[in-house]
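Worksheet for the structure shown next.
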Amino acid sequence: MHLSTVRGAGVVVRNGDEARLLRDTASVHELASAAIAGGRSLAAEIERRGLGETVDLSRATFDLPVSHPDPGHLHLTGTGLTHLGSAAARDAMHAKLESAENLTDSMKMFRMGIEGGRPVPGDVGAQPEWFYKGNGHAAVAPGEALEAPGFAEDGGEEPEIAGIYLIGPDGTPHRIGWTLGNEFSDHVTERVNYLWLAHSKLRAASFGPEILLGDLPPDIRGTSRILRGGEVIWEKPFLSGEGNMSHTIANLEHHHFKYGIFRHPGDLHVHFFGTATLSFADGVKTEDGDLFEIEAADFGQPLRNGLRLQPRTEGAVRVHPL
């Protein structure tokens with residue numbers, strides 16, 4: 001079962017090839033809040049409300065699949081160095097880990113995940129790399145442009161799976177589901193020094209259009225591509241799901257929600273789980289007007305976003321004393 005939010009229509013439920021409007025539902029946030037309050041699963045809450053007219057998702061214009069009435073209470077965060085990549089890349093990485101005498105900090109972090117990122121259920125494993133993206137003001141709807149600010153050196157895609165969570169009245173995180181994400185970043189800045197990772201994140205990110213309910217498939221296979229002038233200039237498969245990761249999802253979730261500030265009742269969280277596929281790694285330089293497209297069969301409609309490069313900024317931001 002999938003959920004999406006279609007502009008001008010409302011919340012849509014898709015089962016297989018059939019997509020229909022969900023009756024009497026203002027938003028996915030409202031739907032999930034009602035399910036928590038009633039002690040019901042999302043599937044049971046959806047069944048209780050019932051479905052209406054059919055919707056053609058292939059022709060729809062999408063809003064964010066979930067949003068908060070107060071954008072300041074939606075948190076965009078993520079984890080990195082979590083994916084093993086292809087079998088060949090995995091073998092090469094293991095060889096480096098076994099033979100290198102002086103590992104970089106990034107390689108040490110990756111090795112910590114390999115060795116301790118998959119604890120038995122109930123135990124706590126190794127901490128992953130963690131980063132903050134922004135809040136709901138930085139969330140970009142499917143179909144809209146991701147903006148690279150004027151100080152950025154690059155604006156590149158990061159095809160990822162993200163988990164969507166709503167914090168219940170007692171502070172318990174409740175997972176709504178999973179979605180495609182483009183965790184947009186400045187890879188040129190990140191390459192200068194890994195301590196600039198936080199600066200490289202550029203705050204903007206997109207996710208959707210559909211939310212997959214239930215369990216995350218262990219082996220997700222998708223495609224990430226860039227189009228320029230209607231022509232594909234770069235395309236590459238990407239892998240995700242726990243079968244292709246060095247950490248379990250439960251371990252990554254623990255190391256995010258262990259902080260009490262991230263368990264504030266009523267808050268929404270969109271947490272990106274990382275990637276191993278980047279056009280930047282293949283020498284691609286994105287340009288204003290490029291179109292990012294990320295798709296995976298498990299998630300239905302692809303996530304598409306244009307790229308908008310803001311003019312170069314000069315001088316410093318001035319702070320006015322009071």
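Some notes on this structure:
- Scanning the stretch 160-189 for residues that are open to solvent by 60 Å² or more (accessible area, probe 1.4 Å) and either more than 30 Å from Ala297 (Cβ to Cβ) or of a type in the set (Ser, Thr, Tyr) (or both) turns up Pro169, Asp170.
Here is a yes/no grid of residues against (1) in a loop (DSSP other than H, G, I, E, B); (2) within 21 Å of Ser240 (Cβ to Cβ):
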residue	(1), (2)
Leu103	yes, no
Arg111	no, yes
Pro119	yes, yes
Gln127	yes, yes
Phe131	no, yes
Pro142	yes, yes
Glu153	yes, no
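- The set of residues in the stretch 20-55 being without any contact (Cβ under 8 Å) to a residue 40 or more places away in the chain and assigned to a loop (DSSP other than H, G, I, E, B) consists of Arg23, Asp24, Thr25, Ala26, Gly39, Arg40, Ser41, Gly50.
- Selection of the stretch 100-146 for residues being surrounded by fewer than 17 Cβ atoms within 10 Å (Cβ to Cβ) and in contact with a Pro (Cβ under 7 Å, 6 or more places away or on another chain) yields only His137.
- Residue list for the stretch 140-163, restricted to those being touching a His at 6+ places or on another chain (Cβ under 7 Å) and farther than 21 Å from Glu287 by Cα: Ala162, Gly163
- When the stretch 4-13 is filtered for residues that are surrounded by 14 or more Cβ atoms within 10 Å (Cβ to Cβ) and over 15 Å from Gly50 (Cβ atoms), the ones remaining, listed by number, are Ser4, Thr5, Val6, Ala9.
- Filter pass, Leu239 being open to solvent by less than 50 Å² (accessible area, probe 1.4 Å), of a type outside the set (S, T, N, Q) and touching a Leu at 6+ places or on another chain (Cβ under 6 Å): no
The values are calculated or read from the model by the stated rules, or taken from the named source; none is laboratory data. Since this is a predicted model, take the numbers as computed values, not measurements. With ideal geometry, Cβ positions are generated from the backbone for all residues, glycine too; neighbour counts draw on all protein chains shown. SASA here: full protein model, heavy atoms, side chains in, ligands and nucleic acids out. Shrake-Rupley method; radii C 1.70, N 1.55, O 1.52, S 1.80 Å.
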